[in-house]
Structures are given as structure tokens and as C-alpha cells.
Amino acid sequence: MNNSKLLLKRPLNRASTASVVAILVIAILGFADSAFLTIEHYRGVVPPCTTAGCDIVLTSVFSAIWGMPVALLGAVYYLLIALGAFIFLEAKHIGKAAESHHFSILKWTLLATILGLLMSLWFTYVQIFILGSYCLYCLGSALTSVLLFVFALNILIKNENI
Amino acid sequence: MNIKRVIFWGCFVVVLGLIVWGLIASMGKGQNTGTAGTPAPVSSADHSRGPVDAPVTMIEYSDLQCPACGAYHPLVEKVLASSTIPIRMIYRHYPLPQHKNAFVAAQASEAAAMQGKFWEMSGLLFTYQDQWSELADPREVFAGYALRIGLNVEKFKSDMDSDIAKNAVTAQRDEAQKIGINKTPTFFLNGKEIESPQGYEQFKAAIEAAAK
């Protein structure tokens with residue numbers, strides 16, 4: 001049986017609160033990081049160059065997709081992940097058990113972390129092999145994306161094993 | 001919707017709001033605190049234009065390959081051209097290590113300065129950064145600029161790699177490092193660092209404030 005197919009089809013009916021809280025916290029951190037870069041992008045023409053090499057990365061052709069800064073896309077992504085995790089936690093702790101649609105929202109939130117992981121892998125590749133320059137905030141975002149994916153995978157796998 | 005849910009959602013929105021507000025507030029603050037020391041007094045070795053006795057002396061520490069410096073170039077030119085307050089403009093090199101052609105570009109501007117055309121050359125280098133930033137050896141492109149602004153190209157080429165040009169750039173870079181410049185471009189008005197202006201109006205206001 002194809003595992004990835006199973007992950008998609010099988011309904012989620014178990015998720016530890018601690019893991020979802022971790023996802024919420026990490027997504028909020030990722031949001032803060034991306035929001036910082038987005039504000040920086042819209043505030044000035046180009047962020048002034050520092051000795052860290054951020055300017056090369058943040059002004060490169062890879063820093064925007066269809067004229068939209070990738071930092072903004074990142075901020076929206078983290079916001080949606082945080083929102084998905086929060087909706088689940090809020091439902092769970094309001095006194096009644098989480099309903100199937102809450103689990104459904106959480107499942108799609110968890111699956112969305114794969115997208116974040118792939119985007120981060122691409123941008124890290126760009127920094128290392130194409131630009132040869134690093135932006136600390138971008139690497140920070142890569143780290144939060146990987147962590148989100150790891151926690152999400154953990155929940156999905158545990159759900160498989162019951 | 002019960003009160004508990006309202007509180008839950010309220011907390012969520014407030015946390016996110018605080019993050020955004022905190023970021024905006026801290027960034028504004030960070031810019032106001034100048035980190036650099038006092039620039040060395042203006043000397044005859046400096047690249048200077050504008051009246052010597054102007055009420056405002058602007059010193060720019062800059063890197064010819066830095067994208068932000070290139071983006072500031074037209075703004076600086078506009079301010080210099082339109083200011084009702086006379087400005088003496090000083091340019092000092094601070095080629096950053098991560099910009100591989102910044103140092104040799106600075107040497108090219110020094111070579112142009114030897115024929116009295118520093119500002120013309122630095123202007124072209126800023127404007128056409130994209131043409132030479134990533135080249136393995138940008139010297140031929142620089143020679144093309146030299147031809148364009150009417151320099152003796154052969155003399156320009158040999159001056160560009162001369163010790164005089166290299167030493168001039170090194171001396172300015174060392175001074176920038178010594179006083180702790182931590183970003184390019186960094187502007188000083190009458191010896192005081194200003195926050196990077198976000199546009200023409202802000203630049204103009206900073207110059208008016210310095211002239212008082």
C-alpha cells in the first residue's frame with residue numbers, strides 16, 4: 001500500500017495536544033520572521049546592505065514571484081498554519097470534543113507543511129548553489145518549515161499506527 | 001459563541017497583532033540609533049563636489065556594487081540637483097567583502113578621478129551595476145565606461161591597477177571599518193549619521209535640519 005496515499009485518504013482522528021501546540025508556536029515564530037522581511041521589503045527601496053550578505057539574497061530575482069515578495073507568501077503560509085492549529089486547539093479545549101471537521105482542518109494544515117518544506121528546500125538551494133550568499137532570516141524560515149513538517153509528520157504517522 | 005471562545009480568539013489575534021506592531025516599532029527605533037563613530041575630517045584626498053563653504057557637508061560611505069547603494073544613487077543626485085541649500089558632497093569607499101567586484105570598481109573610480117572624472121565614473125558604475133557585478137573580470141566593461149566619458153582609456157587601464165588606486169580605496173575602506181560603519185550606504189550630514197532616508201522628502205528634511 002502506498003503510504004502517501006494512505007496519509008491523504010485516511011481521516012485524522014487522533015492528534016496529541018502537545019504536538020499541535022508545538023506547531024502553533026513554531027508557525028507563529030515563522031510568521032514573525034516572514035513578517036519582518038515583508039515589512040522590510042515594503043518600507044524601503046532595498047534594505048541597506050549589511051556585512052551579512054542579506055542584501056544579495058533579498059534583492060535577487062528569487063526574492064519575488066509575480067511581483068510579490070516571497071516573504072509575504074511565507075507570512076501568509078505561516079499564518080494559515082497557525083490558524084489551522086489554533087482552530088483545532090480551540091475546539092478541543094472549549095469543553096467539547098473536537099469534531100470531524102476540526103480534524104479535517106488539522107489534516108489539511110498538516111499536509112500543507114509539505115508545501116512549506118519544499119519551498120524552503122528550494123530557497124536554501126538557491127542561497128547555497130545559485131547566489132552563494134546567505135540570509136539569516138531566510139535560513140531561520142527554512143528551519144521553522146522543517147520543524148513544522150517534522151511535527152506534522154509525527155502526528156500523521158501516529159494516526160496511521162493505531 | 002460563548003465568552004470563552006471570544007477570549008481564546010481574542011488572545012490569538014492580539015498575539016499576532018503584537019508581533020507585527022513590535023516589529024514595526026523596533027525597526028523604527030533601530031534606525032534612529034546611529035552605530036558609527038565620527039568620520040575623519042574632509043581632506044584634499046577626498047572626492048568632493050559642491051562649494052567648500054557650503055552649510056551642509058554630506059559624506060556617503062558606499063559600495064559601488066551594493067544594490068541599495070545603486071538604488072540610492074538617483075535619489076542622492078536628485079537631492080544635490082534640487083536642494084536650495086548648498087551641499088558639499090563627499091564620497092568614501094566602503095567595498096564590502098561579499099561583493100566580489102566592488103573593490104576593483106572602486107579602483108576604476110579612482111582611476112577616473114586621476115583624470116578628473118570621479119563622479120561621472122561612479123555614476124555610471126552605480127547606474128549599470130547589473131552589467132558588471134557578476135563578471136569574472138569587469139575591467140573591459142569599465143574601460144568601455146572610460147571611453148564613454150572621454151577618458152584616455154590606456155591611461156585609465158594602467159591607473160586602475162596601480163598601487164595609488166588600490167591604496168586610496170584601502171585607506172577609505174579602513175577608515176570606514178575603524179569608525180564602525182555597519183551598512184552601506186551610510187550618510188553623514190555635518191559629521192552626524194542620519195537614518196537611511198526612505199525617499200526624497202525625508203532626505204530633504206534631513207538636509208534642512210542639518211543646515212539649521
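Throughout, read-outs are computed from the coordinates displayed, never taken from laboratory work. Only a predicted model underlies this, so the values are computations on that prediction, with no experimental measurement involved. Because the Cβ atoms are built from the backbone with ideal geometry, glycine has one as well, and the counts that use them run over all protein chains shown.
Couple of notes before you dig in:
- Among B:168-180, B:88-100, the peptide with the highest mean count of other Cβ atoms within 10 Å heads the list, and the full ranking is B:88-100, B:168-180.
- Shape of the range B:47-211, Cα gyration tensor, a/c cut at 1.5: prolate
- Between the beta carbons of A:TRP122 and A:ALA18, assuming R0 = 30 Å, the FRET efficiency works out to 0.50 to the nearest 0.05.
- Under 13 Å, Cβ to Cβ, from B:ALA171 - net charge with Lys/Arg +1 and Asp/Glu -1: -1
- Nearest-ten-degree value, helix B:163-178 long axis tilted from longest Cα axis of chain B: 20 degrees
- Stretch gain in nm, segment A:ALA64-A:LYS158, where the contour uses 0.36 nm per residue and the Cα spacing is subtracted: 30.1 nm
- Gain upon complete extension [B:GLU134, B:ALA45; 0.36 nm per residue less C-alpha separation]: 29.1 nm
- Contact order relative to length of the range B:47-211, as percent, for alpha carbon pairs under 8 angstrom and 6 or more apart: 33 percent
- Placing unit charges on the Cβ atoms of the charged side chains and taking the dipole of the protein assembly as shown about its Cα centre, the candidate lying farthest along the positive direction among B:PHE103, A:LEU37, A:VAL20 is A:VAL20.
- Note on the protein assembly as shown: with charges restricted to the Cβ of Lys and Arg (+1) and Asp and Glu (-1), its dipole about the Cα centre is near 1620 debye.
- Since only B:ALA54, B:ALA68, A:SER60 are under comparison, the one whose Cα sits farthest along the positive direction of the charge dipole of the protein assembly as shown, derived from C-beta charges on Lys, Arg, Asp and Glu, is A:SER60.
- Measuring against 20 Å, Cα to Cα, the residue pairs B:LYS78/B:LYS155; B:LYS117/B:LYS166; A:LYS92/B:LYS4; B:LYS100/B:LYS192 contain B:LYS78/B:LYS155; B:LYS100/B:LYS192 as the ones spanning a longer distance.
- If you wrap the tightest convex hull around every Cα atom of the protein assembly as shown and split its volume per residue, you get 170 Å³.
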